[in-house]
Amino acid sequence: MGCAPSIHVSQSGVIYCRDSDESNSPHQTTTISQGTAATLHGLFIKTDAAETIPSVITYQSRHSRNNSYRDRKENSGGHIRIEAETQTSHTSVKVSATEECVGPMRLTQEPIQVLLVFAKEDSQSDAFWWACDRAGFRCNIARTPESAVECFLDKHHEIIVIDGRHSRYFDYGNHSFLSLYRPPDQEEPSVLPLLCAGFSRRFVENSSVSACYNELIQIEHGEVRCQFKLRACNSIFTALEHCQEAVEITSEDHIIQYVNPAFERMMGYHKGELIGKELTELPKSDKNRADLLDTINTCIKKGKEWQGIYFARKKSGDSIQQHVKITPVIGQGGKIRHFVAIKKPHIDNNNQVKCHSLRHRDRRKDSVDARSLSSRGSDGTTIQKPVSEFAPFMSQLAIPVTLNDVPPSIAEMLNDEECWEFNILDLEAATHKRPLTYLGLKIFTSFGVCEFLNCSEATLRSWLQLIEASYHSSNSYHNSTHAADVLHATAYFLRKERVKSSLDQLDEVAALIAATVHDVDHPGRTNSFLCNAGSELAILYNDTAVLESHHAALAFQLTVRDSKSNIFKNIDRNQFRTLRQAIIDMVLATEMTRHFEHVSKFVNSINKPMASVNSDCEGQANIRNSPENRLLIKRMLIKCADVANPCRPLELCIEWAGRISEEYFAQTDEEKRQGLPVVMPVFDRNTCSVPKSQISFIDYFITDMFDAWDAFASLPGLMEHLSENYKYWKNLDEMKCKSLRPPPPS
Ligand code: AMP
Ligand code: ZN
């Protein structure tokens with residue numbers, strides 16, 4: 001079994017699923033990767049172009065042997081074929097790899113490859129051919145769009161020369177280095193349309209080998225080398241994106257140009273909120289010495305590195321003490337171009353992270369013992385949980401000891417918790433992005449979880465804090481607000497009469513715990529991404545239900561690690577085993593590759609048999625209460641709770657759609673940056689229609705599942721919202737609107 005993406009719906013309704021074990025599912029197909037399509041588009045758009053070119057020949061390499069080219073032309077079946085010997089025997093010119101340096105990085109550049117796309121051989125194509133020979137470039141010739149594409153996909157040429165004298169044959173899209181040439185004595189047209197189409201040069205017909213040679217080596221020394229060096233930067237960004245220290249890059253005038261995910265986690269900001277802002281625009285902590293900033297600025301402006309301890313202010317308003325190193329990056333002529341700041345939480349001799357809450361001044365309470373937080377993180381790189389991920393949470397909340405200590409405004413909000421229309425986003429704001437602990441305390445108390453587990457409310461609170469802190473607040477969707485939302489939906493479903501009478505209290509407790517932990521330490525990337533990137537987690541879980549396995553495993557690791565937050569410490573071994581099994585099964589059921597299997601089992605084993613016994617109450621109860629069917633009910637319950645956002649009131653539904661889209665866009669951005677396969681091409685921020693993506697998501701996954709769940713649990717309110725929300729997206733789509741909301745009236 002391979003790895004499947006969580007959900008990938010294309011705008012045409014195609015589901016992207018890689019290697020699922022559900023291979024017989026009618027909903028799964030594979031599609032051509034976007035990269036391939038874009039390349040096809042980039043070179044030759046018109047698929048009928050080949051038919052207009054009389055001589056269709058496969059792409060060929062001309063090769064030299066002993067310093068001379070020997071072209072053998074033969075007529076085979078009406079097609080001209082040009083053949084030559086192997087390129088490896090090409091000894092006349094330099095074809096060996098050259099070395100390039102990008103900063104301290106040393107790169108090896110293979111010989112340049114040139115693709116000549118000429119419908120007919122003539123003196124011009126010959127001149128380019130010989131120019132390549134002189135420059136030591138490898139050269140292929142293609143006669144048709146198809147063979148050019150085939151050749152390009154095989155060799156990925158750095159330079160492509162297209163014969164523009166026959167431009168009616170070709171339509172060109174984007175490509176990095178295309179050199180087009182046109183006949184002389186035409187009126188000099190603007191090159192702008194060509195530049196826009198992705199060409200970098202235009203070459204006027206000239207069959208002198210020297211002219212062609214000059215052209216090619218200018219391109220090589222200019223764009224090709226530049227592009228080669230830029231490609232190397234991708235690997236440096238990959239390192240930055242994965243490193244555990246927070247990194248911030250600013251321009252010489254202190255405008256933020258880059259922050260890495262570790263920075264987002266540490267400071268609680270999303271990068272979109274920071275990039276482009278001046279450092280002075282961000283709130284500062286008042287805990288630093290008054291002259292500290294001046295001291296730092298004076299030092300770095302002289303081009304010197306500054307290192308020291310600094311209090312930074314997080315988005316939540318709390319201060320965090322950091323060890324900071326700021327290095328000026330000097331460009332040509334000694335001018336400072338950027339400043340790179342590397343930040344780590346300051347840890348004192350007792351391994352305590354120094355955080356300062358606006359509300360809690362008691363440092364002992366705000367500190368986290370870094371030694372007690374080791375686990376395998378979703379970046380999979382370490383057993384020691386990065387302290388910075390826990391620090392923001394521990395510092396910022398004045399968490400109540402009991403429900404009675406909840407601030408009145410939050411307590412008032414929580415009064416509406418039993419209502420489906422409960423606004424989780426209001427709670428998110430009121431709790432400074434920590435709704436899970438407060439809502440958890442309320443819901444767990446109302447279901448008697450502490451009594452069932454025989455644990456104190458303090459242990460429950462400590463556990464909720466720990467779990468919530470292990471969600472990434474920098475994810476736009478998979479953060480602790482999503483977990484709180486799923487917990488809310490789970491509690492709502494558990495209170496439905498049909499569900500209540502099917503499950504026992506252990507099932508209820510398992511469902512509430514499963515909902516709370518079901519996405520813990522989610523990295524904001526899908527399973528497919530982790531598999532394609534070869535992440536440690538994907539390797540650990542053999543590309544199979546990677547994230548869901550991680551969420552379940554980490555939840556138990558975190559829970560049992562410290563008695564202070566171990567909610568299971570007082571239950572007996574058998575009960576723990578049953579509870580553990582039920583929690584793991586539910587968390588794993590949230591994996592979407594088995595979506596259709598879970599729904600159809602539920603319908604076939606529960607809904608249909610229940611309908612067939614009609615109003616025979618005992619018969620119905622027997623169906624619902626069998627252990628196998630209770631398992632199916634619990635799976636269906638958590639699955640529906642997990643993706644209930646399209647059934648929420650419109651404003652919430654829109655917000656969730658925006659958040660999931662943003663998270664997917666960020667993944668696509670990263671895939672492009674890292675040259676990884678783009679697993680959800682639909683979620684490209686430049687082209688995506690959010691309404692279409694929501695319509696597809698509802699059509700494929702939501703409608704049937706909620707019809708079945710509504711038939712069982714009776715949820716008219718949800719179905720009403722779903723239908724209203726669906727109409728909303730359809731309406732936007734009909735207006736050709738691609739965003740979350742209609743444009744304001746002009
Ligand atoms: P989970 O990762 O456990 O939250 O799994 C739920 C799946 O449903 C994930 O793949 C989500 O990305 C996806 N999902 C939830 N809501 C939406 C939505 N409104 N649009 C598209 N995908 C969604
Ligand atoms: Zn989820």
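Any idea which of (1) open to solvent by 10 Å² or more (accessible area, probe 1.4 Å); (2) away from ligand 1 (no atom under 14 Å from the Cβ); (3) farther than 19 Å from GLU417 by Cβ is the one ASN479 doesn't satisfy?
The number of the failed condition is (2).
Counting just the residues of the range 607-618 that are among the charged types (D, E, K, R) and surrounded by 11 or more Cβ atoms within 10 Å (Cβ to Cβ), which one comes out modelled with the lowest pLDDT? Working first, answer last.
First, pick out the residues of the range 607-618 that are among the charged types (D, E, K, R): 608, 616, 618.
The next check asks that each one be surrounded by 11 or more Cβ atoms within 10 Å (Cβ to Cβ); those that pass are 608, 616.
On the way: LYS608: 95, ASP616: 79.
Once the filter is applied, the top-ranked residue is ASP616.
Output yes when any residue across the range 597-606 is open to solvent by 60 Å² or more (accessible area, probe 1.4 Å) and more than 15 Å from ligand 2 (Cβ to nearest atom), and no when none is.
Taking the range 597-606 first, the residues open to solvent by 60 Å² or more (accessible area, probe 1.4 Å) are 601, 604.
Then drop every residue that is not more than 15 Å from ligand 2 (Cβ to nearest atom), which leaves 601, 604.
The answer is yes, given that some residue of the range 597-606 is open to solvent by 60 Å² or more (accessible area, probe 1.4 Å) and more than 15 Å from ligand 2 (Cβ to nearest atom).
From the set of residues in the range 626-659 that are surrounded by 22 or more Cβ atoms within 10 Å (Cβ to Cβ) and β-branched (Val, Ile, Thr), which is farthest from ligand 2 (Cβ to nearest atom)?
Only one residue tops the list, namely ILE633.
In the range 92-120, what count of residues is obtained for those that are open to solvent by 50 Å² or more (accessible area, probe 1.4 Å) and within 18 Å of LEU216 (Cβ to Cβ)?
So the count comes out to 4.
Can you work out which of the residues in the range 286-332 that are closer than 27 Å to HIS270 by Cβ and of a type in the set (Asp, Glu) is most open to solvent (accessible area, probe 1.4 Å)?
Taking the candidates together, the pick is ASP286.
Just give me the residues in the range 466-480 being in a loop (DSSP other than H, G, I, E, B) and more than 13 Å from ALA262 (Cα to Cα), in sequence order. So that I can check it myself, show each step before the final result.
Pass one, the range 466-480, residues in a loop (DSSP other than H, G, I, E, B): 470-479.
Of everything in the range 466-480, those that are in a loop (DSSP other than H, G, I, E, B) and more than 13 Å from ALA262 (Cα to Cα) turn out to be SER470, TYR471, SER476, TYR477, HIS478, ASN479.
Looking at SER462, is it within 25 Å of ARG265 (Cβ to Cβ), away from ligand 1 (no atom under 16 Å from the Cβ) and not hydrophobic (A, V, I, L, M, F, W, C)? Walk me through it before giving the result.
Working: within 25 Å of ARG265 (Cβ to Cβ): yes; away from ligand 1 (no atom under 16 Å from the Cβ): yes; not hydrophobic (A, V, I, L, M, F, W, C): yes.
Considered against the rule, which asks whether it is within 25 Å of ARG265 (Cβ to Cβ), away from ligand 1 (no atom under 16 Å from the Cβ) and not hydrophobic (A, V, I, L, M, F, W, C), SER462 comes out as yes.
Restricting to the range 668-680, count the residues that are surrounded by fewer than 21 Cβ atoms within 10 Å (Cβ to Cβ), touching a residue at least 40 places away in the same chain (Cβ under 8 Å) and part of a helix (DSSP H, G or I).
Residues flagged as surrounded by fewer than 21 Cβ atoms within 10 Å (Cβ to Cβ), touching a residue at least 40 places away in the same chain (Cβ under 8 Å) and part of a helix (DSSP H, G or I) within the range 668-680 amount to 3.
Check ASN206, ASN234 and return the single one that is in contact (Cβ under 8 Å) with a residue 12 or more places away in the chain and under 30 Å from PRO261 (Cα atoms). Steps first, please.
Numbers: ASN206 fails: under 30 Å from PRO261 (Cα atoms).
When all the criteria are applied, what remains is ASN234.
Within the range 695-746, take every residue that is among the polar types (S, T, N, Q) and over 29 Å from LYS608 (Cα atoms) and give me the one that is surrounded by the fewest Cβ atoms within 10 Å (Cβ to Cβ).
First, the residues of the range 695-746 that are among the polar types (S, T, N, Q): 696, 703, 714, 723, 725, 731, 739, 746.
Add one more test, that the residue is over 29 Å from LYS608 (Cα atoms), and what stays is 731, 739, 746.
Details: ASN731: 12, SER739: 13, SER746: 3.
The residue in question is SER746.
Might you let me know whether the range 192-212 holds any residue that is under 21 Å from ALA97 (Cβ atoms), open to solvent by less than 20 Å² (accessible area, probe 1.4 Å), at pLDDT 85 or above and not aromatic (Phe, Trp, Tyr)? Before the answer, list the steps.
We begin by selecting, within the range 192-212, every residue under 21 Å from ALA97 (Cβ atoms); these are none.
No, the range 192-212 has no match at all.
Take the residues in the range 564-592 that are free of Cβ contacts under 8 Å to residues at least 24 places away in the same chain and assigned to a helix (DSSP H, G or I), then tell me which one is nearest to GLY448 (Cα to Cα).
First, pick out the residues of the range 564-592 that are free of Cβ contacts under 8 Å to residues at least 24 places away in the same chain: 572-574, 576-577, 581.
From what is left, the residues that are assigned to a helix (DSSP H, G or I) are 573-574, 576-577, 581.
On the way: ARG573: 20, ASN574: 20, PHE576: 17, ARG577: 20, GLN581: 20 Å.
Selected residue: PHE576.
Output the qualifying pairs, or none if there are none: Cβ atoms under 6 angstrom, residues six or more apart or on different chains, first residue in the range 476-488 and in contact (Cβ under 8 Å) with a residue 12 or more places away in the chain and within 11 Å of ligand 2 (Cβ to nearest atom), second residue basic (Lys, Arg) and open to solvent by 10 Å² or more (accessible area, probe 1.4 Å).
Partner pairs satisfying both residue conditions: TYR477/ARG659.
Regarding ALA127, is this residue under 45 Å from the mean Cα position of the chain (by Cα), closer than 20 Å to HIS157 by Cβ and modelled with pLDDT of 80 or more? Spell out how you get there, then give the answer.
Working: under 45 Å from the mean Cα position of the chain (by Cα): no; closer than 20 Å to HIS157 by Cβ: yes; modelled with pLDDT of 80 or more: yes.
Judged against the criteria, ALA127 is not a match.
Residue by residue, here is whether (1) farther than 30 Å from GLU671 by Cβ; (2) within 16 Å of ligand 2 (Cβ to nearest atom); (3) free of Cβ contacts under 8 Å to residues at least 60 places away in the same chain; (4) surrounded by fewer than 24 Cβ atoms within 10 Å (Cβ to Cβ) holds:
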{"position": "LEU460", "(1), (2), (3), (4)": "yes, no, no, yes"}
{"position": "SER501", "(1), (2), (3), (4)": "yes, no, no, yes"}
{"position": "ILE513", "(1), (2), (3), (4)": "yes, yes, no, no"}
{"position": "GLY524", "(1), (2), (3), (4)": "no, yes, no, yes"}
{"position": "ILE539", "(1), (2), (3), (4)": "no, no, no, yes"}
{"position": "LEU547", "(1), (2), (3), (4)": "no, yes, no, no"}
{"position": "HIS550", "(1), (2), (3), (4)": "no, yes, no, no"}
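Out of all the residues in the range 484-504, which are of a type in the set (Asp, Glu) and either over 16 Å from ALA514 (Cα atoms) or more than 13 Å from ligand 1 (Cβ to nearest atom) (or both)? Write out each step before concluding.
Residues of the range 484-504 of a type in the set (Asp, Glu): 485, 497, 504.
Matches in the range 484-504: GLU497, ASP504.
Within the set of pairs 6+ apart or on separate chains, which have a first residue in the range 142-156 that is in a helix (DSSP H, G or I), a second that is at pLDDT below 85 and small (Gly, Ala, Ser), and C-beta atoms under 7 Å apart?
PRO145/ALA49; PRO145/ALA50; GLU146/ALA50
The values are calculated or read from the model by the stated rules, or taken from the named source; none is laboratory data. Keep in mind that what you see is a predicted model, and the values were worked out from it rather than measured. Glycine gets a Cβ as well: all are built from the backbone with ideal geometry, and neighbour counts include every protein chain shown. Keep in mind that these areas ignore ligands, DNA and RNA; they rest on the heavy atoms of the full protein, side chains included. Shrake-Rupley method; radii C 1.70, N 1.55, O 1.52, S 1.80 Å.
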